[in-house]
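Let me begin by presenting the structure, written as structure tokens, before commenting on it.
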Amino acid sequence: MRDWPRGVIPFGGDYNPEQWPREVWREDIAAMQRAGVTFVSLGIFSWSWVEPSDGTYDFGWLDEVMGLLAAADIAVDLATATASPPMWLAQAHPEIAPIDHDGQRLWPGSRQAWCPSSATFTAYATRLAEAMARRYHDHPALAMWHISNEYGCHNTPCFCDTCAVGFRDWLRQRYDSLDALNEAWGAAFWSQRYADWSQPLPPRRTPTFPNPGQTLDYRRYQSDALLQQFLAERAVLLEHSPGVPITTNFMTMRHFSHLDYHRWAAHLTEPVDRISTDHYVVDLLADPWAEQAFCGDLTRGIAGGGPWLLMEHSTSAVNWQPVNRPKPVGGTIRDSLTHVARGADMIGFFQWRASRAGAEKFHSALLPHAGEDSARFAEVCRLGEIAGRLGEVSGSRVESQVAILWDYDAQWATQGPALPSAQVQYPDLAIEIHRALRERHVPADVVYPGADLTAYRLIIVPTLYLVSDAHAAAIEAAVATGADVLVTYFSGIVDERDHIRLGGYPGAFRELLGVRSTEFAPLRPGEVVALSGAHSGSVWSEDVALAGAEAVLTFTEGPAAGHAAFTRYAVAPQGGSASGVRWYLATRPDRDTLAEIVGTLCASAGVEPVLPGAPDGVDLTRRRAADGRSWVFAINHTDLARTVPVTGVDLVTGRHTGGQCEVPAGGVAVVRED
Ligand code: GAL
């Protein structure tokens with residue numbers, strides 16, 4: 001094995017040489033060197049090539065590719081090759097195919113056609129992982145193991161009979177008795193009482209609303225089942241290839257909520273495991289950059305605040321949106337460095353060479369169909385040079401005084417059946433508040449409610465509909481030691497079983513916030529209501545009554561007219577100890593109002609921007625190394641050059657800024673501060 005590339009931010013992507021004749025491989029390696037590629041992820045979808053029939057291995061071609069990469073000093077993130085089962089396995093064991101909500105089998109002929117609960121799949125996948133580990137554990141190109149690919153992207157939830165059995169076992173471990181299960185699921189309702197452990201089922205299609213507790217537990221179960229698949233392969237690698245880092249690529253994107261990555265991360269430990277993720281810009285979002293920045297900060301939160309690896313993103317267009325537009329010139333570099341600005345210590349892409357056949361032939365790549373004689377490849381080469389100069393940043397941490405809480409259980413529960421308003425989407429306010437902070441040049445960590453919150457000046461609790469007693473207590477404890485907190489509507493409503501917290505809303509946070517509502521009054525699609533001042537809100541309102549807090553903004557129209565829309569509760573410190581200010585927001589404010597609210601919160605909590613006096617339209621973060629060195633990342637999202645007041649050497653241009661750093665339109669600066 002070899003070390004992970006040092007002195008650079010590793011730069012490269014998925015390499016699928018099996019899609020090309022041998023002659024192309026040498027051209028690939030030479031072009032990779034011209035582009036400054038320092039790592040590739042190899043073999044992710046190669047199962048049918050390394051194990052062409054049951055128990056028969058063909059490593060010849062992979063040996064050759066590994067040899068070429070070793071000779072070129074390109075590090076390999078080597079896949080266990082188990083992401084997609086081969087046809088012979090699908091044929092021999094058709095039962096490993098997942099079954100969807102309606103009982104429809106998902107057939108082979110695409111990818112990831114395997115059931116999360118399948119022990120048959122585990123047996124074949126771990127056998128291959130072992131063969132790979134035995135073959136390559138001491139290969140000079142091997143730098144990291146890559147298990148599977150984007151767990152759960154296409155194969156969860158699966159509703160097959162194997163999953164039904166697995167789910168029952170999982171339930172028996174979670175609930176000691178059927179009485180406890182019946183209580184947790186509220187099974188007294190609609191005659192759903194379970195009298196025997198053979199009765200609970202996956203939440204398959206039902207005549208009307210399924211049981212919310214069952215639905216929520218099923219999501220937990222599916223995430224855990226896939227985690228077990230991952231851990232089984234990981235155990236094999238630890239046994240047969242100890243000392244080599246291990247990763248599996250997550251998908252921290254707004255539209256992907258299949259797995260509880262916080263729960264997964266709890267099983268991943270330094271120095272073995274590396275948190276890596278894939279992120280693709282979704283063009284059709286109203287503000288794709290807001291989502292992109294948020295997801296980078298979420299990944300950092302999952303990685304415990306430390307560096308993480310950007311395993312995949314795209315150089316330009318993807319192929320899975322209704323319309324797939326290329327990135328603008330400079331967009332490849334800007335997107336890559338946006339992730340580095342938020343803690344990524346690697347820049348990876350899907351994929352090295354654009355395919356000429358198959359379902360992804362129109363997906364962009366480092367080396368486009370047009371070849372090296374293309375503007376995109378020129379930009380890729382430039383990015384390779386920049387990555388080569390960014391090595392000093394590696395290992396440093398992003399600084400932040402603000403935490404935004406994010407919890408997959410809460411997200412899943414807000415996706416459950418029959419809630420007060422389909423307009424409440426879990427990520428909406430989290431991402432909007434994050435954007436408003438970004439616009440003030442204030443970075444935020446996106447963290448699990450169970451994380452250590454004590455160092456933050458300001459804690460944002462957006463739409464934390466489901467909150468456990470422990471998490472509610474942790475938030476209260478952070479406030480008691482001086483952090484300010486903003487809780488937004490539809491938070492604290494249920495416990496971890498999705499049972500309502502009785503006595504008035506917002507349940508778990510009523511006393512903390514000094515407010516109490518007795519009825520929700522969600523707004524209709526498109527309905528906007530006036531608030532006091534020139535402000536407005538949408539999506540939500542409720543009959544907030546003050547129980548200690550004061551009203552800052554009030555609904556002046558709509559179903560909650562006359563009630564508070566935004567409140568402040570400042571409790572006098574007891575016994576000299578600090579106590580933070582508690583804010584409650586009972587609507588989704590218009591953009592200007594939210595900007596004002598976020599300004600008020602930052603001023604109250606003493607939260608400072610990365611640099612004072614920086615211009616609008618530029619994202620700023622600061623990464624700091626343990627020895628005190630620091631780098632300011634400035635990402636210009638505007639069409640005009642912007643000047644940022646920072647002194648030091650810009651690693652992108654190699655020039656000293658002289659105090660004023662010009663960041664080109666759509667460009668990036670990474671300034672090592674003097
Ligand atoms: C990812 C996946 C890659 C490729 C890419 C296309 O989800 O891991 O294999 O399919 O999407 O955007």
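The values are calculated or read from the model by the stated rules, or taken from the named source; none is laboratory data. The structure displayed is predicted, hence computed values, not measured ones. Here Cβ is always computed from backbone atoms with ideal geometry, including for glycine, and neighbour counts include all displayed protein chains. These area figures cover heavy atoms from the full protein model, side chains too; ligands, DNA and RNA do not enter into them. Shrake-Rupley method; radii C 1.70, N 1.55, O 1.52, S 1.80 Å.
In the set GLY388, GLY384, GLY416, GLY371, which member is out of contact with any Cys (no Cβ under 6 Å at 6 or more places or on another chain) and on the phi > 0 side of the Ramachandran plot?
Unique residue meeting the criteria: GLY371.
Picking from LEU285, LEU337, LEU238, which residue would you name as being surrounded by fewer than 24 Cβ atoms within 10 Å (Cβ to Cβ), away from the ligand (no atom under 16 Å from the Cβ) and in contact (Cβ under 8 Å) with a residue 24 or more places away in the chain? Spell out how you get there, then give the answer.
Numbers: LEU285 fails: away from the ligand (no atom under 16 Å from the Cβ); LEU337 fails: surrounded by fewer than 24 Cβ atoms within 10 Å (Cβ to Cβ).
Exactly one residue qualifies, and that residue is LEU238.
What are the residues in the stretch 602-618 that are part of a helix (DSSP H, G or I) and over 26 Å from the mean Cα position of the chain (by Cα), if any?
ALA603, SER604, ALA605
In the stretch 267-275, is there at least one residue being over 29 Å from SER314 (Cα atoms), acidic (Asp, Glu) and open to solvent by less than 30 Å² (accessible area, probe 1.4 Å)?
Taking every residue of the stretch 267-275 in turn, none turns out to be over 29 Å from SER314 (Cα atoms), acidic (Asp, Glu) and open to solvent by less than 30 Å² (accessible area, probe 1.4 Å).
Identify, please: which residue in the stretch 299-314 is away from the ligand (no atom under 11 Å from the Cβ) and within 24 Å of LEU383 (Cα to Cα) and is, among those, surrounded by the fewest Cβ atoms within 10 Å (Cβ to Cβ)? Quick ask: steps written out before the conclusion?
Of the residues in the stretch 299-314, the ones away from the ligand (no atom under 11 Å from the Cβ) are 299-310.
Narrowing further to those that are within 24 Å of LEU383 (Cα to Cα): 299-300, 306-310.
Working: THR299: 27, ARG300: 27, GLY306: 15, PRO307: 21, TRP308: 26, LEU309: 28, LEU310: 27.
Going through the qualifying residues, I end up with GLY306.
Name every residue in the stretch 389-419 that is touching a strand residue (DSSP E or B) at 6+ places or on another chain (Cβ under 6 Å) and of a type in the set (S, T, N, Q), in order of residue number.
Selection gives SER394, SER396, SER400.
Let me confirm something: among ALA508, ALA534, which residue is more than 30 Å from the chain's Cα centre (by Cα) and either outside the structural domain of ALA410 (by TED's automatic domain parsing) or not acidic (Asp, Glu) (or both)?
On inspection, the qualifying residue turns out to be ALA534.
Of all residues in the stretch 318-334, which are buried (at least 17 other Cβ atoms within 10 Å of the Cβ) and either within 12 Å of the ligand (Cβ to nearest atom) or farther than 29 Å from PRO5 by Cα (or both)?
VAL318
With the checklist (1) buried (at least 17 other Cβ atoms within 10 Å of the Cβ); (2) within 22 Å of VAL461 (Cβ to Cβ) in hand, flag the one item THR600 doesn't pass.
Tallying (1) buried (at least 17 other Cβ atoms within 10 Å of the Cβ); (2) within 22 Å of VAL461 (Cβ to Cβ), THR600 fails exactly one: (1).
For ARG516, all conditions in the list (1) under 16 Å from LEU429 (Cα atoms); (2) part of a strand (DSSP E or B) hold save one; what is the number of the exception?
Condition (1) is where ARG516 drops out.
Conditions (1) under 21 Å from LEU310 (Cα atoms); (2) aliphatic (A, V, I, L, M), marked per residue:
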site: ALA235; (1), (2): no, yes
site: PRO245; (1), (2): yes, no
site: MET253; (1), (2): yes, yes
site: THR269; (1), (2): yes, no
site: ILE275; (1), (2): yes, yes
site: HIS279; (1), (2): yes, no
site: ASP283; (1), (2): yes, no
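Pick from the stretch 388-425 the residues that are out of contact with any Gly (no Cβ under 8 Å at 6 or more places or on another chain) and among the aromatic types (Phe, Trp, Tyr): which of them is nearest to THR38 (Cα to Cα)?
It comes out as TYR408.
Considering only the stretch 577-584, I want to know if a residue exists there that is in a strand (DSSP E or B), farther than 23 Å from VAL494 by Cα and in contact (Cβ under 8 Å) with a residue 24 or more places away in the chain.
Looking through the stretch 577-584, at least one residue is in a strand (DSSP E or B), farther than 23 Å from VAL494 by Cα and in contact (Cβ under 8 Å) with a residue 24 or more places away in the chain.
Just one of GLY152, GLY166 is buried (at least 22 other Cβ atoms within 10 Å of the Cβ) and either within 16 Å of the ligand (Cβ to nearest atom) or of a type in the set (Asp, Glu) (or both); which is it? Write out each step before concluding.
On the way: GLY166 fails: either within 16 Å of the ligand (Cβ to nearest atom) or of a type in the set (Asp, Glu) (or both).
Residue meeting the stated conditions: GLY152.
Can you tell me which of LEU464, LEU513, LEU429 is touching a helix residue (DSSP H, G or I) at 6+ places or on another chain (Cβ under 8 Å) and either open to solvent by less than 10 Å² (accessible area, probe 1.4 Å) or in contact (Cβ under 8 Å) with a residue 60 or more places away in the chain (or both)?
LEU464
Please indicate, with yes or no, whether at least one residue in the stretch 360-368 is more than 12 Å from the ligand (Cβ to nearest atom), hydrophobic (A, V, I, L, M, F, W, C) and part of a strand (DSSP E or B).
yes
Here are some residues: LEU68, LEU78. Which one is within 16 Å of the ligand (Cβ to nearest atom), touching a residue at least 24 places away in the same chain (Cβ under 8 Å) and under 25 Å from GLY243 (Cβ atoms)?
Exactly one residue qualifies, and that residue is LEU78.
If you take the residues in the stretch 27-49 that are in contact with a helix residue (DSSP H, G or I) (Cβ under 6 Å, 6 or more places away or on another chain) and among the hydrophobic types (A, V, I, L, M, F, W, C), which one is nearest to ALA129 (Cα to Cα)?
Once the filter is applied, the top-ranked residue is TRP49.
If a residue has to be open to solvent by 20 Å² or more (accessible area, probe 1.4 Å) and without any contact (Cβ under 8 Å) to a residue 40 or more places away in the chain to count, how many in the stretch 198-213 make the cut?
6
Residues to consider are GLY558, GLY533; find the one that is touching a helix residue (DSSP H, G or I) at 6+ places or on another chain (Cβ under 9 Å), open to solvent by 10 Å² or more (accessible area, probe 1.4 Å) and not aliphatic (A, V, I, L, M).
Step by step, each of GLY558, GLY533 is checked, and only GLY533 is touching a helix residue (DSSP H, G or I) at 6+ places or on another chain (Cβ under 9 Å), open to solvent by 10 Å² or more (accessible area, probe 1.4 Å) and not aliphatic (A, V, I, L, M).
Return the total of residues in the stretch 241-282 being among the charged types (D, E, K, R) and within 16 Å of the ligand (Cβ to nearest atom). Give the derivation first.
Start the filter on the stretch 241-282 by keeping residues that are among the charged types (D, E, K, R), which leaves 254, 260, 263, 270, 273-274, 278.
Next cut, within 16 Å of the ligand (Cβ to nearest atom) only: 254, 278.
Here the count works out to 2.
So, of the residues in the stretch 1-22 that are of a type in the set (A, V, I, L, M) and either in a helix (DSSP H, G or I) or in contact with a helix residue (DSSP H, G or I) (Cβ under 6 Å, 6 or more places away or on another chain) (or both), which turns out to be surrounded by the most Cβ atoms within 10 Å (Cβ to Cβ)?
ILE9
Scanning the stretch 358-395 for residues that are of a type in the set (S, T, N, Q) and touching a residue at least 24 places away in the same chain (Cβ under 8 Å), which turns out most open to solvent (accessible area, probe 1.4 Å)? Give the derivation first.
Initial filter on the stretch 358-395 (of a type in the set (S, T, N, Q)): 364, 374, 394.
Retained after the next criterion (residues that are touching a residue at least 24 places away in the same chain (Cβ under 8 Å)): 364, 394.
Details: SER364: 19, SER394: 57 Å².
Applying the filter and picking the extreme gives SER394.
Which residue out of ALA564, ALA551, ALA521 is surrounded by fewer than 23 Cβ atoms within 10 Å (Cβ to Cβ) and over 33 Å from the mean Cα position of the chain (by Cα)?
Going through ALA564, ALA551, ALA521 in turn, just one is surrounded by fewer than 23 Cβ atoms within 10 Å (Cβ to Cβ) and over 33 Å from the mean Cα position of the chain (by Cα): ALA551.
Select from the stretch 23-68 the residues that are among the small types (Gly, Ala, Ser) and under 22 Å from ASP373 (Cα atoms) and write down the one among them that is surrounded by the most Cβ atoms within 10 Å (Cβ to Cβ).
ALA35
What about VAL467, is it among the aliphatic types (A, V, I, L, M) and touching a Leu at 6+ places or on another chain (Cβ under 7 Å)?
It is false that VAL467 is among the aliphatic types (A, V, I, L, M) and touching a Leu at 6+ places or on another chain (Cβ under 7 Å).
Only one of ALA113, ALA133, ALA125 is touching a residue at least 24 places away in the same chain (Cβ under 8 Å), within 16 Å of the ligand (Cβ to nearest atom), among the hydrophobic types (A, V, I, L, M, F, W, C) and over 20 Å from PHE349 (Cα atoms). Can you tell me which?
Only one candidate passes the filter, namely ALA113.
Evaluate the following for THR621: is it part of a strand (DSSP E or B), polar (S, T, N, Q) and over 19 Å from PRO443 (Cβ atoms)? Before the answer, list the steps.
Numbers: part of a strand (DSSP E or B): yes; polar (S, T, N, Q): yes; over 19 Å from PRO443 (Cβ atoms): no.
Taking the combined requirement at face value, the residue does not satisfy it.
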